[in-house]
1. Please verify whether region 173-181 includes one or more residues that are assigned to a strand (DSSP E or B), modelled with pLDDT of 95 or more and surrounded by 15 or more Cβ atoms within 10 Å (Cβ to Cβ).
2. Specify which of the listed residues (Ser21, Ser12, Ser66, Ser28) is touching a Leu at 6+ places or on another chain (Cβ under 7 Å), assigned by TED's automatic domain parsing to the domain that holds Met280 and surrounded by 15 or more Cβ atoms within 10 Å (Cβ to Cβ).
3. Based on what the data block shows, is Tyr221 outside any strand (DSSP E or B), at pLDDT 95 or above and either closer than 23 Å to Gly7 by Cα or not assigned by TED's automatic domain parsing to the domain that holds Leu40 (or both)?
4. Any idea which residue in region 243-257 is farthest from Met19 (Cα to Cα), counting only those that are at pLDDT below 95 and within 22 Å of the chain's Cα centre (by Cα)?
5. Take region 51-77 and flag every residue that is part of a helix (DSSP H, G or I) and more than 28 Å from Ile119 (Cα to Cα).
6. Whether any residue in region 232-249 is hydrophobic (A, V, I, L, M, F, W, C), farther than 19 Å from Thr14 by Cβ and in a loop (DSSP other than H, G, I, E, B) is what I want to check.
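The values are calculated or read from the model by the stated rules, or taken from the named source; none is laboratory data. Because the structure is a prediction, the values reported are computed rather than measured. A quick note on method: Cβ atoms are made from the backbone with ideal geometry, for glycine too, and the neighbour counts reach across all protein chains shown.
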Amino acid sequence: MKQKYIGRFAPSPTGPLHMGSLVAAMASYLDAKAHEGLWLLRMEDLDFDRNVKGADQHIIQSLQRSGMLWDGDINWQSKRQHLYEAALQKLGDNLYPCACSRKEIADSRLRLGETASQIYPGTCRHGLAEGKAARAWRLRVPDQIYRFEDRLAGMQQQNLATEVGDFVLKRADGFWAYQLAVVVDDAAQGITHVVRGADLIDSTARQIYLQELLGLPTPAYLHVPVVTNADGEKLSKQTGALAFDQGDNDILHDALMPAASFLGLQLSTGIGSKEEFWGMATLAWKNKLDNTKK
């Protein structure tokens with residue numbers, strides 16, 4: 001029996017959805033509809049310092065105004081922290097405490113003559129230095145290439161040791177890291193297909209490694225191009241991206257049609273309703289996937 005398709009959209013409530021968020025939401029929604037599957041909504045609200053009051057409700061309303069309706073109840077990561085703790089405990093000796101600050105990591109890399117200061121040099125891998133206290137928990141990674149087939153971008157590969165280094169699962173501020181939470185939640189919700197922005201393609205090998213260690217299934221991945229501003233920067237709240245939903249604007253023509261165009265979907269300019277838009281866009285997405293496979 002063919003496995004039921006289950007996809008998801010997982011925004012962070014750090015502000016309203018902008019055009020880049022809409023593109024990611026639309027791609028995941030269309031992929032679910034094209035496969036006659038389920039589309040779940042998950043609020044990734046674990047970064048409590050960056051959460052904006054009321055942003056979650058704005059996101060929910062914007063999706064509803066756009067005609068993207070999710071299946072089942074909304075999941076909130078802040079209510080699932082016991083699952084992340086259980087996963088952390090299961091990792092056992094693959095974890096180790098780390099006392100390093102970001103500045104210390106950058107300084108260590110420079111002393112080693114390495115320019116990629118974001119890659120952890122393994123300072124605490126074999127134990128904390130005398131007088132040092134744990135600030136975070138890191139996962140040991142193997143010197144091994146992980147490969148996966150992206151449904152849009154094709155074959156991808158990454159050596160975790162040389163391109164990432166041992167990465168954090170629980171931060172110095174006590175917050176859970178994205179990599180652990182997303183792996184645990186995708187498995188708990190039975191996600192079979194992940195569709196998201198290409199800015200997260202670099203995280204995929206780490207997530208596959210975590211899935212392997214935790215004995216969890218690996219979903220199929222598809223990463224769509226990210227929307228950028230005039231300076232070539234990814235649209236984000238930090239770069240001043242505006243909400244696509246102003247409350248009284250024409251969502252169909254101001255947001256949905258431009259987002260579909262960005263995704264390379266050829267739609268008639270004469271579409272007159274959101275219902276018609278989603279029907280035509282789903283067909284166009286199916287054609288896009290079929291042409292990608294050829």
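1. yes
2. Checking each option against the conditions leaves just Ser66.
3. No; evaluated as a whole, the condition is false for this residue.
4. Filtering region 243-257 for residues that are at pLDDT below 95 and within 22 Å of the chain's Cα centre (by Cα), the one farthest from Met19 (Cα to Cα) comes out as Asp245.
5. Within region 51-77, Ala55, Asp56, Gln57, His58, Ile59, Ile60, Gln61, Ser62, Leu63, Gln64, Arg65, Ser66 meet the criteria.
6. No: zero hits.
Here is a yes/no grid of residues against (1) part of a loop (DSSP other than H, G, I, E, B); (2) among the β-branched types (Val, Ile, Thr); (3) over 30 Å from Cys124 (Cα atoms):
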residue	(1), (2), (3)
Pro16	yes, no, yes
Ala24	no, no, yes
His82	no, no, no
Gly92	no, no, no
